[in-house]
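The values are calculated or read from the model by the stated rules, or taken from the named source; none is laboratory data. Just so it is clear, the structure is predicted and the values come from calculations on it, not from any experiment. Cβ: placed from backbone, ideal geometry, glycine included. Neighbour counts: every protein chain shown. Accessible surface areas use protein heavy atoms only, side chains included; no ligands, DNA or RNA. Shrake-Rupley method; radii C 1.70, N 1.55, O 1.52, S 1.80 Å.
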Amino acid sequence: CKFSHRISSKLISKVLQKVTSLFYRSPGRISTIAVDSTGFPTSYFSYYYSVRAHKERKGFLKVSLAIDTQKQTILSLKVTGNRHHDSQHVRSLLRNASRIKLAHYYVLDKGYDSEAIHRQIREEIHAISYIPIRNWNASYIGGLFRQKMGKEFDRTIYGKRNIVETVFSVVKRKFGGYVRGICFKNQVKEIKLKCIAYSVDRFLKNRLC
């Protein structure tokens, strides 16, 4: 608890960036970056136990990751409260990931379907975005890039998005699928430390292979 209160969240982020940089020794773009989010309960007991014991759970944190689908490394993360929609913070998530590594393709699920997100990836990052349209049967699709998506959607490339779910599964299984911190600042630090532990574990496994 003392460590969590004293250490700076920015310092933890720098450590995560440093560990991630160990995976990339050569310049150039990687193949694909996938973005998705998941929830981390802020209480360590299960939903079943909370019902039987009549204890109220404290909600959950929404954690969004941008990952390299080939090396399964965490390039960027964003932690918010459970009421925030995914699209509200994906733009900063993409910018932070781009500072570490750029990709040729960016794959996101239909919750991120937005002309602004397409424009950021294609005009600012100069990459190709694959985001499925919320309603493929709509009579009219607004936006130039969303219209292109309706004609040029590649399901093979989009299929790599599932790898980000694999990363979430490994983080939760090996380092805990909940957070014990009480205040939001310490909860964010805890999530970042889980990501550092995952990245170090991934790096050591790659070296042994």
Worksheet item: On the given criteria, is SER13 touching a helix residue (DSSP H, G or I) at 6+ places or on another chain (Cβ under 8 Å), surrounded by fewer than 16 Cβ atoms within 10 Å (Cβ to Cβ) and at pLDDT 85 or above?
Response: no
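The rows are residues; the columns are (1) at pLDDT 80 or above; (2) open to solvent by less than 80 Å² (accessible area, probe 1.4 Å).
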residue	(1), (2)
HIS5	yes, no
ARG25	yes, no
ILE33	yes, yes
SER46	no, yes
Worksheet item: Can you tell me which of SER139, SER169 is modelled with pLDDT of 95 or more and of a type outside the set (A, V, I, L, M)?
Response: SER169
Worksheet item: Do the conditions hold for SER139, that is, is it farther than 22 Å from ARG202 by Cβ and in contact with a His (Cβ under 6 Å, 6 or more places away or on another chain)?
Response: no
Worksheet, complete the sentence: Filtering the stretch 135-155 for residues that are assigned to a loop (DSSP other than H, G, I, E, B) and either of a type in the set (Asp, Glu) or within 22 Å of GLU123 (Cβ to Cβ) (or both) leaves a count of 5
Worksheet item: Name the pairs whose Cβ atoms lie under 9 Å apart, with the first residue in the stretch 176-192 and of a type in the set (Ser, Thr, Tyr), the second surrounded by 16 or more Cβ atoms within 10 Å (Cβ to Cβ) and assigned to a loop (DSSP other than H, G, I, E, B), and 6 or more positions between them or separate chains?
Response: TYR178/THR42; TYR178/SER43
Item to complete: Considering only residues that are open to solvent by 20 Å² or more (accessible area, probe 1.4 Å) and not in a helix (DSSP H, G or I), look in the stretch 163-181 and name the one that is nearest to VAL35 (Cα to Cα).
Response: GLY177
